[in-house]
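K.L.:
Below is the structure I would like to discuss, written out as structure tokens.
The values are calculated or read from the model by the stated rules, or taken from the named source; none is laboratory data. This one's a predicted model, so the numbers in the text were calculated from it and none came from an experiment. Here the Cβ positions follow ideal geometry from the backbone for every residue, glycine too, while neighbour counts run over all protein chains shown.
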Amino acid sequence: MSYSEICPSCGLDVCNGIGGEGTPRLNKLLQHLPSSHLFYNASVIHDICYHKFKGKSGKRLADLNFLANMLLACKSLPWYKEYWFRVQAYRNYFAVKYFGDKFYYGVDKCKGRK
Ligand SMILES: [Zn+2]
């Protein structure tokens, strides 16, 4: 799967594989998990949020938004799959909540329109 996300404000590719500090993007790691296809859109939005939002409250908002979008994606599944994928959604959420700091602060922040 090719993975490219262009910021609508500044035009930067916010997921070029390597962060501002030379760190791999968190969502690149999540991409290798079995739930990645279902949560692809949620991950794209999450990357954009990490790029656009600033400060501690910005990260909390980005992570909660990520969870909400993943849970919404689960609604498209048959009931017997939905429960399992909801568990995956919470696992991904806690992964970014507790281990996402260096990615959040390491990404190139949006500088707006040129
Ligand atoms: Zn931007």
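K.L.:
Does Asp47 satisfy the criteria of being in a helix (DSSP H, G or I), within 16 Å of the ligand (Cβ to nearest atom), among the charged types (D, E, K, R) and out of contact with any strand residue (DSSP E or B) (no Cβ under 8 Å at 6 or more places or on another chain)?
P.N.:
yes
K.L.:
Lys56 is checked against (1) in contact (Cβ under 8 Å) with a residue 24 or more places away in the chain; (2) loosely packed, with under 14 Cβ neighbours inside 10 Å; (3) not β-branched (Val, Ile, Thr) and fails just one. What number does that condition carry?
P.N.:
Going through the list (1) in contact (Cβ under 8 Å) with a residue 24 or more places away in the chain; (2) loosely packed, with under 14 Cβ neighbours inside 10 Å; (3) not β-branched (Val, Ile, Thr), Lys56 breaks only (1).
K.L.:
May I pose another question? If Glu82 satisfies every condition in (1) within 16 Å of the ligand (Cβ to nearest atom); (2) in contact with a Cys (Cβ under 8 Å, 6 or more places away or on another chain); (3) of a type outside the set (Ser, Thr, Tyr) but one, which is the exception?
P.N.:
Tallying (1) within 16 Å of the ligand (Cβ to nearest atom); (2) in contact with a Cys (Cβ under 8 Å, 6 or more places away or on another chain); (3) of a type outside the set (Ser, Thr, Tyr), Glu82 fails exactly one: (1).
K.L.:
Next question. Output the number of the condition that Asn69 fails; it satisfies all remaining conditions of (1) more than 13 Å from the chain's Cα centre (by Cα); (2) modelled with pLDDT of 70 or more; (3) away from the ligand (no atom under 16 Å from the Cβ).
P.N.:
In the conditions (1) more than 13 Å from the chain's Cα centre (by Cα); (2) modelled with pLDDT of 70 or more; (3) away from the ligand (no atom under 16 Å from the Cβ), Asn69 misses (1) alone.
K.L.:
Shifting gears a bit: Of everything in segment 2-30, what is modelled with pLDDT under 60, assigned to a loop (DSSP other than H, G, I, E, B) and in contact with a Ser or Thr (Cβ under 8 Å, 6 or more places away or on another chain)? Give them in sequence order.
P.N.:
Once the filter is applied, which keeps residues that are modelled with pLDDT under 60, assigned to a loop (DSSP other than H, G, I, E, B) and in contact with a Ser or Thr (Cβ under 8 Å, 6 or more places away or on another chain), segment 2-30 yields only Asn16.
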